[in-house]
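Below is one structure, written out as C-alpha cells, with a few remarks after it.
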Amino acid sequence: MSFLQGLWFGVIGLLFAGFLLLEGFDFGVGLATRLVARDGEERAVFMRAVGPHWDGNEVWLITAGGAMFAAFPMWYASLFSGYYILLFLVLVGLILRGVSFEFASHAVSWRERDVWQWANFAGSLVAPFCLGMMLTSLIQGLPLDGAGDARPGFFDVFNWLSVVGGVAVVFFCFVHGLHFLSLKLGAGDSRRMLNVSSKLYWVAYPALLVFVVLAFFMTDFYRARPVSSWLVTVVIAAATVCGHVAAVRKRGGWAFACSGVTLMAVIAFIFNGLFPRVMIGDDPSTSIMIKDASASPYTLGIMTVVLCVLLPVMLAYFIWSYWVQRGRLDTVGGHLRRGPAPEGRDATGPQPTNK
C-alpha cells in the first residue's frame, strides 16, 4: 500500500467524521423539534437555528462519496451497490428534511407548517439511523464474491450490532443538537437544553457498553487491531463523560465540543478497524484491500494537488459562515421576538394564518 492510498483512506474517514460533526447537530435539532420543543413556534425557532448551515453541512457527505468514487472506485461500487436500499433511504431522509425548511417557511396555515415540521423530524431520524446501520453492518463482514461485489442478506444488514449502531448515531446526534441549541438560544432555553442532555447521558453509558460488547464478538477489531481499537473506545467513553460533566455544569461550548468528538471518534473506530481493508468479507480471502481498490497513482496525485488547493478555501468558508452566524437567536421566552427578521436566512418565514 502506497502513501497516497493510505492518505486518501484517511481523508475519506475525515470527511465522514466532518459530516457527523456538522450535520450531526442538524439532525439533533430536527429531532429536538418534536422531542423537546413545546409548540409550533418553538419548533420554528429550532429550525431557524440551523437554517444558515444545514445545506452547507451536507456537502461533507457529498464530498466523501465523490472522493470515494475517484480514489477507490472498487470500494465505491461494492459499497453503494451492496447497501443500495439503505443509502436510498438516507437520500430520501435528506431530501425530505431539506425541502421541509423551504415549505415550512412558506406555510399558509398552522396545519401545513406542522406537516413540514413533522417531515423535518422524520428526515432527521431516518438519515442518521440508516447511515449508522450501514456503517456498523459494514464492519461485521459481508458476503463478497471474487469480483468484490457485495451481496448482503437481510440479517447481514439488520442485526443486533447494526440496529444498536443506528440507534447510537441517532442518540448522539440528538445530544449534539441539544448542545448546539444551548449555544444558539437565550439563557433560559439554553439551560433547558443542557438539563435535557445531562439526563440523556445516563442512557449513553449502558448503550456504549452494549455496543462495545457486541463489537467485541461480532467484529475482529479488538483482535486484529487491539491497541488502537481500545484506544479509540477509551476516547469515545472519555468524551461522553466529559460531555456529561459539561452539560451538568451548564458549559454549552464544552458540551458541544465533547459530543462532536464522540461522533468523530465513532467514525475513527470504524475506519481504524477497517484498515487496511475497505470491505470486510465473511471469508477473509474475499476482503477488499486498500491497495487493490484504489485508483491509479496518477489519479491520486492529481486529487492530492486539488485537495491541497481547495481544502484551505473550504475550511475558510466554513469558519467564516459560522463566525458571521455566531450570535444567539433573538427570542423571548423561547419564541421569536416579534418585529423585523434579522438579515440572513430565516427558516420560520411568514407567520401562518388559520386558513
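The values are calculated or read from the model by the stated rules, or taken from the named source; none is laboratory data. Quick caveat, the model's predicted, so the values are computed rather than measured. Every residue, glycine among them, receives a Cβ derived from its backbone with ideal geometry; neighbour counts consider all protein chains shown. Accessible surface is based on the protein model in full, side chains and every heavy atom, while ligands, DNA and RNA are left aside. Shrake-Rupley method; radii C 1.70, N 1.55, O 1.52, S 1.80 Å.
Odds and ends about this structure:
- Residue in the range 120-140 that is assigned to a helix (DSSP H, G or I) and over 27 Å from Glu23 (Cα atoms) present: no
- Which numbered condition Trp75 fails, given (1) among the aromatic types (Phe, Trp, Tyr); (2) more than 27 Å from Asn159 (Cα to Cα); (3) open to solvent by less than 20 Å² (accessible area, probe 1.4 Å): (2)
- The combined condition, being more than 30 Å from Tyr222 (Cα to Cα) and among the small types (Gly, Ala, Ser), is not fulfilled by Ser137.
- Residue list for the range 1-42, restricted to those being in contact with an Asp or Glu (Cβ under 7 Å, 6 or more places away or on another chain) and over 27 Å from Ala257 (Cβ atoms): Gly40
- A search for C-beta distances below 9 Å between a residue of the range 1-20 that is in a loop (DSSP other than H, G, I, E, B) and any residue that is open to solvent by 20 Å² or more (accessible area, probe 1.4 Å) and among the polar types (S, T, N, Q), counting only pairs 6+ apart in sequence or on different chains, returns Met1/Ser294; Ser2/Ser294.
- Of all residues in the range 159-174, those that are closer than 19 Å to Gly243 by Cα and without any contact (Cβ under 8 Å) to a residue 60 or more places away in the chain have Cβ atoms under 9 Å from Cβ atoms of residues that are assigned to a helix (DSSP H, G or I) and open to solvent by 30 Å² or more (accessible area, probe 1.4 Å), 6 or more apart or on another chain, in Val167/Phe129; Val167/Ala207; Phe171/Leu200; Phe171/Val203; Phe171/Ala207.
- The residue that is nearest to Arg328 (Cα to Cα), counting only those in the range 142-190 that are part of a loop (DSSP other than H, G, I, E, B) and open to solvent by less than 10 Å² (accessible area, probe 1.4 Å), is Leu185.
- Contact map, the range 318-330: residues that are farther than 17 Å from Leu22 by Cα and open to solvent by less than 100 Å² (accessible area, probe 1.4 Å) paired with residues that are assigned to a loop (DSSP other than H, G, I, E, B) and at pLDDT 85 or above, Cβ distance under 8 Å, separation 6+ or inter-chain. Pairs shown: Leu329/Leu185; Leu329/Gly186.
Rundown of residues vs (1) at pLDDT 90 or above; (2) among the basic types (Lys, Arg); (3) at negative phi; (4) not in a helix (DSSP H, G or I), yes/no style:
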{"position": "Lys291", "(1), (2), (3), (4)": "yes, yes, yes, no"}
{"position": "Cys308", "(1), (2), (3), (4)": "yes, no, yes, no"}
{"position": "Met314", "(1), (2), (3), (4)": "no, no, yes, no"}
{"position": "Arg328", "(1), (2), (3), (4)": "no, yes, yes, yes"}
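- Tally of residues being assigned to a helix (DSSP H, G or I) and either free of Cβ contacts under 8 Å to residues at least 24 places away in the same chain or of a type in the set (Asp, Glu) (or both) across the range 203-229: 10
- Counted as qualifying within the range 49-95 are the helices (runs of 4 or more DSSP H) with 1 or more residues that are under 19 Å from Leu125 (Cβ atoms), namely 54-57, 59-71.
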